[in-house]
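First up is the structure itself, then whatever we jot down about it.
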Amino acid sequence: MFESILQAIFSGLALGSIYALVAVGFNITFNTTKTLNFGQGEFLVAGAFVSVSVLLLLAGKNITDTLLPADVTMVRYVLSLIGTMAVLGVLGVILYYAAVRPFVGRGGMAWVMSTIGFGIIIQNTALAIWGPSNMVMPSPLGSDVIRIGGAGVLPQEVLVLVASVIVLLSLDFVMRRTKIGKAVRAVAQSGSAATLMGINVTAIVVLAFVISSSLAGLAGLLIAPITTASVFMGMSLALKAFSSAILGGLTSPRGCMLGGFILGLIEALVGLWQAELREISIFVLIIIVLVVRPQGLLGQKIVEKV
């Protein structure tokens with residue numbers, strides 16, 4: 001039993017780190033533009049398929065062929081990471097100028113439909129290129145189970161956890177200790193005040209969408225060897241990532257990280273006991289948090305000025 005609980009904890013942390021990556025993406029765009037990319041799940045899908053395609057091209061194959069374990073070396077995996085981040089970064093810029101900027105500051109909820117629509121365009125484009133079947137991406141670390149304290153852990157789960165924690169800690173450092181991070185925080189506080197301070201607000205907002213989209217792409221790259229790449233994988237993951245942001249606090253990057261790990265652990269541990277209760281437990285928790293502490297565990301209350 002102890003081994004099963006330990007295994008669930010490892011799986012929960014790996015899954016939670018994926019939620020945390022996507023949740024921080026929600027946080028960055030919300031803080032800088034007070035909008036959210038509701039197509040974030042489809043960006044994760046794009047990340048998974050672009051990374052598979054880069055790996056196939058590096059192996060000298062067509063982008064719709066099948067990857068074999070020998071095709072996925074660590075060097076190629078890192079190159080696919082660079083390619084995926086670049087493509088998703090460009091998609092983030094297009095998203096901002098095409099689906100968000102026209103509606104910023106206008107009030108209303110038009111940006112909600114425009115970001116959902118942008119996500120649907122990405123999903124259907126992926127469907128047209130790669131088809132509805134899942135695509136297998138072998139892990140660069142192989143599939144031999146690692147034994148830790150008697151629990152069996154996949155090497156890719158360890159890679160997901162370690163890579164996500166490094167990225168999240170680096171992002172936290174950049175946001176708190178560097179000039180560009182301070183500029184992002186200044187824009188989050190007040191765009192007009194940031195402009196008076198000489199900060200290029202538009203550049204910072206575009207950067208926020210690039211980072212947000214790249215984080216979703218990274219999540220797709222990391223999760224694909226565990227779940228396989230599927231055109232339909234984004235909705236569920238993005239919904240839970242958004243729930244993580246609500247749980248931890250949408251205005252707090254650290255809260256989003258914490259919320260992701262909490263949700264991942266709850267999902268894995270409850271699933272160990274009763275698989276049917278995983279989703280129920282998560283969304284019951286979210287409802288309770290919304291009632292008791294609407295700003296989330298580490299979030300700040302948003303004061304509406306009249």
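Odds and ends about this structure:
- Qualifying residue in the range 189-196 (condition: among the polar types (S, T, N, Q) and surrounded by 19 or more Cβ atoms within 10 Å (Cβ to Cβ)): no
- Members of the range 145-164 found to be in contact (Cβ under 8 Å) with a residue 40 or more places away in the chain and either at positive phi or open to solvent by less than 50 Å² (accessible area, probe 1.4 Å) (or both), listed by number: Gly149, Gly150, Ala151, Gly152, Val153, Gln156, Glu157, Leu159, Val160, Leu161, Ala163, Ser164
- Criterion violated by Arg101 - all others in (1) farther than 30 Å from Ser143 by Cα; (2) charged (D, E, K, R); (3) not in a helix (DSSP H, G or I) satisfied: (3)
- Scope the range 36-60; condition under 23 Å from Val206 (Cα atoms) and surrounded by fewer than 24 Cβ atoms within 10 Å (Cβ to Cβ); matching residues: Leu36, Phe38
- Tally of residues being in a loop (DSSP other than H, G, I, E, B) and in contact with a Phe, Trp or Tyr (Cβ under 6 Å, 6 or more places away or on another chain) across the range 254-288: 0
- Scanning the range 233-248 for residues that are crowded, with 20+ Cβ neighbours inside 10 Å, assigned to a helix (DSSP H, G or I) and not hydroxyl-bearing (Ser, Thr, Tyr) turns up Gly234, Leu237, Ala238, Lys240, Ala241, Phe242, Ala245, Ile246, Leu247, Gly248.
- Residues (free of Cβ contacts under 8 Å to residues at least 40 places away in the same chain and of a type in the set (Val, Ile, Thr)) located in the range 174-198: Val174, Thr178, Ile180, Thr195
- For Thr251, the conditions (1) without any contact (Cβ under 8 Å) to a residue 12 or more places away in the chain; (2) outside any helix (DSSP H, G or I) all hold with the exception of (1).
- One residue stands out in the range 1-52 among those that are in a helix (DSSP H, G or I) and of a type in the set (D, E, K, R): the one that is nearest to the chain's Cα centre (by Cα), namely Glu42.
- The residues of the range 1-31 include none that are surrounded by fewer than 24 Cβ atoms within 10 Å (Cβ to Cβ), closer than 24 Å to Ala188 by Cβ and among the β-branched types (Val, Ile, Thr).
The values are calculated or read from the model by the stated rules, or taken from the named source; none is laboratory data. Here the structure is a predicted model, which is why all the values come from computation and not from measurement. Note that each Cβ is placed from the backbone with ideal geometry, even for glycine, and that neighbours are counted across all protein chains shown. Calculation scope for accessible area: heavy atoms of the full protein, side chains included, ligands and nucleic acids excluded. Shrake-Rupley method; radii C 1.70, N 1.55, O 1.52, S 1.80 Å.
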